[in-house]
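Single-structure report; data block below.
The values are calculated or read from the model by the stated rules, or taken from the named source; none is laboratory data. The structure displayed is predicted, hence computed values, not measured ones. In this analysis, Cβ positions are derived from the backbone assuming ideal geometry, glycine residues included, and neighbour counts consider all displayed protein chains. These accessible areas exclude ligands, DNA and RNA; they are computed on the full protein's heavy atoms, side chains included. Shrake-Rupley method; radii C 1.70, N 1.55, O 1.52, S 1.80 Å.
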Amino acid sequence: MRVVNIGPDPSLAYRPILDLEQKDKDKTEYRNFESGSLIDRVYNTYKLMHTNQTLDFVKQKHSEWSGCAHAQMEVMEAVISLDQLVDESDPDVDFPNSYHAFQTAEGIRREHPHEDWFQLVGLIHDIGKIMALSGEPQWAVVGDTFPVGCRFQNGIVFRGSTFVDNPDDKNPAYNSECGIYKPNCGLDNVLMSWGHDEYLYRVMKFNKCTLPEEGLYMIRFHSFYPWHSHGDYMHLCDDKDMRMIPWVREFNKFDLYTKTTELPDIEKLKPYYQSLIDKYCPGVLKW
C-alpha cells in the first residue's frame, strides 16, 4: 500500500466567507494532521479507531444502538450535554463540543437565513457524540468515517500507519476496491465505520423527525472526509450520492471553519434554536 502524506485538507477549497472577527487563524491551519499541540492525542485516537473498526465491530454497534433504547431526552438536552465532551480526534479545537454546535449553526444562519432546517442540522450534527457520555470510547464515536468491508483508501487520515493491526486490512474478502459491495451500489447500502454520524441519522429516522432528505444525508455523511473532500470511494456512489455531495460540501464549510476561540452566547441563542427543534424534532426522543 502506497503511503500518502496527509497534511492540510483539500476541503479548504470549500471555505465560506466568514466575518473578519471570526478569523482566528488562516485557513491552511485547519485539519492539519501533521503537527500542532493536539497532534499526539489526535493520532492516538485514530490509531485506536483504525485498529478496532472492523466489519464485525460495526455490525455489533448497529445491533447495540440502532434500537434507540439507551436514553430518552429532548434535543436541546443532548446539545447542552456536549458541554461535557471535548472531541479527542479534532486537531482544531480543545473546548466543549456544545460551543461548536452553536458556532456551526450560526455560520449557516448567516449564509442561509431562509433554510431553517439547514441551521438546525448545524446545531445538532454532532449530538450523536452523546454515546461517549454513555461509555463508548471516543474512537467509536468521533473522527472521520470510512467504509468497512472494502479496501481502506488513501484519503483516510493517517492511512499509512494506523491500520497495520486491523484484521480486515489483511482479509482478501475485504481488501479489494469494492470488497463485499457492488460498484455504484449507493452509500445507503455501505456500512461505514461506527460513529456519531450514523447513530444520529438512526435516531432521527427512529423518531420520525421531519428534516428533509438533504439534512438527514448531511448528518449521516458529514464526517466522510475521504469521500466528500478527497474524492475516494466514488465507485460505490449512485445517482443519489452525486446529487447529495454538493449539500454535504456546503455543510462542511461551516462545520470546519466556524471553529474559533470566540465562543457564542448560548443562552441568548437557545430560544431561536429551540423553535427549530420544536418544528422538526419536537418533544422527548428515544436515543
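Worth pointing out:
- Residue within segment 37-49 that is at pLDDT below 50, under 24 Å from residue 193 (Cβ atoms), buried (at least 17 other Cβ atoms within 10 Å of the Cβ) and within 17 Å of the chain's Cα centre (by Cα) present: no
Results for (1) out of contact with any Lys or Arg (no Cβ under 9 Å at 6 or more places or on another chain); (2) open to solvent by 40 Å² or more (accessible area, probe 1.4 Å); (3) farther than 30 Å from residue 103 by Cβ, shown as yes or no for each residue.
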{"position": "133", "(1), (2), (3)": "yes, yes, no"}
{"position": "142", "(1), (2), (3)": "no, no, no"}
{"position": "173", "(1), (2), (3)": "yes, yes, yes"}
{"position": "179", "(1), (2), (3)": "no, no, yes"}
{"position": "182", "(1), (2), (3)": "yes, yes, yes"}
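- Apart from one condition, residue 99 fits all of (1) in a helix (DSSP H, G or I); (2) open to solvent by 20 Å² or more (accessible area, probe 1.4 Å); (3) at pLDDT 95 or above; the exception is (3).
- Condition met for residue 166 (at pLDDT 95 or above, out of contact with any strand residue (DSSP E or B) (no Cβ under 8 Å at 6 or more places or on another chain) and of a type in the set (S, T, N, Q)): yes
A quick yes/no check of all residues on (1) of a type in the set (S, T, N, Q); (2) outside any helix (DSSP H, G or I); (3) within 17 Å of residue 141 (Cα to Cα):
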position	(1), (2), (3)
41	no, no, yes
45	yes, no, yes
50	no, no, yes
56	no, no, yes
61	no, no, yes
69	no, yes, no
76	no, no, no
80	no, no, no
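- Tabulated pairs, segment 264-286, first open to solvent by 70 Å² or more (accessible area, probe 1.4 Å), second in a helix (DSSP H, G or I) and aromatic (Phe, Trp, Tyr), C-beta under 9 angstrom, 6+ apart or interchain: 265/102; 279/117; 286/206
- Against the numbered list (1) surrounded by fewer than 19 Cβ atoms within 10 Å (Cβ to Cβ); (2) touching a residue at least 12 places away in the same chain (Cβ under 8 Å); (3) on the phi < 0 side of the Ramachandran plot, residue 205 comes up short only at (2).
- Qualifying residue in segment 146-166 (condition: touching a residue at least 40 places away in the same chain (Cβ under 8 Å), more than 26 Å from residue 42 (Cβ to Cβ) and basic (Lys, Arg)): no
- Among (1) free of Cβ contacts under 8 Å to residues at least 12 places away in the same chain; (2) crowded, with 24+ Cβ neighbours inside 10 Å; (3) not polar (S, T, N, Q), the one test that residue 86 misses: (2)
- Among the conditions (1) open to solvent by less than 30 Å² (accessible area, probe 1.4 Å); (2) more than 21 Å from residue 188 (Cα to Cα); (3) at pLDDT 95 or above, residue 244 misses just one, which is (2).
- Flag for residue 186 being modelled with pLDDT under 95 and either under 19 Å from residue 238 (Cβ atoms) or open to solvent by 10 Å² or more (accessible area, probe 1.4 Å) (or both): no
- Residue within segment 58-81 that is crowded, with 16+ Cβ neighbours inside 10 Å, more than 28 Å from residue 210 (Cβ to Cβ) and in contact with a helix residue (DSSP H, G or I) (Cβ under 7 Å, 6 or more places away or on another chain) present: no
- Taking the conditions (1) modelled with pLDDT under 95; (2) among the polar types (S, T, N, Q); (3) surrounded by fewer than 15 Cβ atoms within 10 Å (Cβ to Cβ) in turn, residue 210 satisfies each one other than (1).
- Among the residues of segment 177-184, not a single one is assigned to a loop (DSSP other than H, G, I, E, B), touching a Ser or Thr at 6+ places or on another chain (Cβ under 8 Å) and among the basic types (Lys, Arg).
- The set of residues from segment 213-239 being open to solvent by 10 Å² or more (accessible area, probe 1.4 Å), in contact with an Asp or Glu (Cβ under 7 Å, 6 or more places away or on another chain) and more than 18 Å from residue 119 (Cα to Cα) comprises 225, 229, 235.
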